[in-house]
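Working notes, structure below.
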Amino acid sequence: MMSETPGNWVLAVHGGAGQMTRDRLSAEEDAGARAGLAAALHAGSAVLAAGGSALDAVEAAVRVLEDDPHFNAGRGAVLTYDGGVSLDAAIMAGDGQRAGAVAGVGTVRHPVSLARRVMTTPHVMLSGAGAEQFAREQGLEAAEPGWFEIPRRCQQLEEMKARGDGWFDEEMKFGTVGAVACDAGGRVAAATSTGGITAKRWGRIGDTPIIGAGTWADGVCAVSATGSGEYFIRAGVCHQIAARIALAGEAPAQAATTALAEVAKMGGSGGVIVVTPSRDALWHFNTAGMFRGVAGSDGARRVAIYGDEG
Ligand code: ASP
C-alpha cells in the first residue's frame, strides 16, 4: 500500500498485477516495464503540468501503454482462444460522471481514445462491429495488420491451451493498463485498457470496460483496476471503493483494502490505483506484484513492480 499527497496535481498508472516476482521476470521484462511506466507517467504529467485536464492526462498515459508490447493492452494484448485480439477499454471523468467504454474491438490502435469518443455520444458502451464502425466514422487510427500480435503471446496461448487448466491460474500476470489523475482544478479521471485474459472465448468481456467494476470516477475518487475480472465485476470493485469513501466515510486506503479483500474472499486477485480530489494517490494489490507508478507536481516520480518496493 502506497499513499501520498504530492502537490497540486497527481497521476498514478498501472500495467497490471499478478505473480511478478524477481525470479519470474526476466531482466528485459523488468527494465521494459519500468521504462514503459515511466514513459506513461511522462506523457500524462506533461498534460497536467501544462494545466491540462485529468481526463486528457489519463488518456495520454494509457495511449503510451497501449503501444508498449510489455503490457496486455493494444500492442502486446493477450490472444483469444482463436488467436485473435479482442480489446476492451473505458474512460471516466469525475465531474459529471461522464463515461465511455468499448468492448471486443480488434482493429483500433487506441481503444482508450475510442472510449473517449463514445463519451461524447448519448451512449456509455459500444461493442464489436458497431464500435469499430463508430471508430471509422470518427476517423480514429486503425491498427496496421499484425500490429497487436507479438510472439510471446502466441506462446502463452499455446501453453495455456496445452495445460487446459481454466481461466485464472497461479502463474497469472494481469497486464491490463490504467491511469488515474487529479488535475490542478481538483477534477479526477480514470482510464483502463486491456486485451482481457489469455484464451478467452465466446466474446468474453472482463471488468475493464464495465463502469464501476474495472473503471470509475466521481466526486470522491477515480479508480482503475486490474486482476481476475469476473471477480471484480461481481464485487463492483471500483464503484465499491468510491461508495465506501462517500457513504461509509472510509479512508481511501481502507476502502481499497476492504474491496480487494472481498475479491480475495471470492477467490480472485488483482490491484487498484486510486486518486482523490485532494490529491491522495494510492495503490493496493493482493498479488505478489503490480506494475505501477506515480508522479506529482512536487516532482515525485516513482515506478515499482514487486511487493516489497513499497
Ligand atoms: N482485468 C482484466 C480482465 O479480466 C485482466 C487484467 O487485469 O489483466 O479482463
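Once the convex hull of the alpha carbons of the range 263-310 is built, what does its volume come to per residue, in cubic angstrom?
Value for the range 263-310: 77 Å³ per residue.
Please list, in chain and number order, the residues 5+ apart from L79 or on another chain whose amide H is under 5 Å from its amide H, with Hs placed from the backbone.
Amide H neighbours of L79, under 5 Å, 5+ apart: A199.
Rounded, prolate or oblate: which fits the range 1-117 when a ≥ b ≥ c are the square roots of the eigenvalues of the alpha-carbon gyration tensor, with rounded for a/c under 1.5 and prolate only if a/b beats b/c?
oblate
Run the Debye formula on the Cα coordinates of the chain, all scatterers equal and no solvent, and tell me log10 I(q)/I(0) at q = 0.09, 0.15 1/Å.
-0.36, -1.09
When a/c is below 1.5 the answer is rounded, else prolate if a/b is larger than b/c, else oblate, so apply that to the range 115-240 with a ≥ b ≥ c taken from the square roots of the Cα gyration tensor eigenvalues.
oblate
Express in % the proportion of alpha carbon pairs of the range 237-288 at distances exceeding 15 Å.
Cα-Cα pairs of the range 237-288 separated by over 15 Å account for 40 percent.
Can you put E262, E28 in order of Cβ neighbours within 10 angstrom, beginning with the fewest?
With the sparsest Cβ surroundings first, the list reads E28, E262.
Determine, at each q value in 0.17, 0.18 (inverse angstroms), the log₁₀ of I(q)/I(0) that the Debye formula gives when each Cα of the range 180-310 is one equal point scatterer.
After summing over all Cα pairs, the log10 values are -0.86, -0.96.
How much length would be gained if the chain were fully extended between R234 and R301, taking 0.36 nm per residue of separation minus their Cα-Cα distance, in nm to one decimal?
20.7 nm
Please sort by residue number the GluC sites (Glu not before Pro) in the range 132-164 whose DSSP state is loop and whose Cβ has at most 15 other Cβ atoms within 10 Å.
In loop regions of the range 132-164 (DSSP not H, G, I, E or B), the sparsely surrounded GluC sites (Glu not before Pro) are E141.
Given the options A190, A129, A179, state which has the largest fluctuation in a GNM of the chain using a 10 Å cut-off (strictly under) for Cα springs.
A129
Tell me, rounded to the nearest percent, the portion of alpha carbon pairs in the range 168-227 spaced more than 17 Å apart.
44 percent
Taking neighbour Cβ counts within 10 Å as the exposure measure, how do E144, E59, E250 sort from fewest upward?
E144, E250, E59
How high is the FRET efficiency between M266 and A129 when r is their beta carbon distance and R₀ equals 35 Å, given to the nearest 0.05?
According to the calculation, E is roughly 0.60.
I need the peptides 110-121, 294-305, 60-71 ranked by packing, meaning the mean over residues of other C-beta atoms within 10 angstrom, with the highest value on top.
Going from most to least packed, we get 60-71, 110-121, 294-305.
Just tell me, in residue order, which DSSP H segments of the chain are both 27 angstrom or longer along the helix axis (alpha-carbon based) and at least -0.5 in mean Kyte-Doolittle hydropathy.
27-49
Once you have the Cα-Cα distance between A46 and Q155, take 0.36 nm times their residue separation minus that, and quote the gain in nm to one decimal.
Full extension from A46 to Q155 adds 35.6 nm.
Run lengths n ≥ 4 of DSSP H only: what is the helix-derived mean residue ellipticity at 222 nm for the chain, with -39500 (n - 2.57) per run over all residues, to the nearest 500?
Value at 222 nm, helices only: -10500 deg cm²/dmol.
Within a 10 angstrom radius of the beta carbon, how do H239, H123, H14, H284 rank from fewest other beta carbons to most?
Fewest-to-most ranking of H239, H123, H14, H284: H123, H239, H284, H14.
Any read-out appearing in this document is the output of simple, stated calculations on the displayed coordinates, not a laboratory observation. Since this is a predicted model, take the numbers as computed values, not measurements. Glycine also receives a Cβ, built like all others from the backbone with ideal geometry; neighbour counts cover every protein chain displayed.
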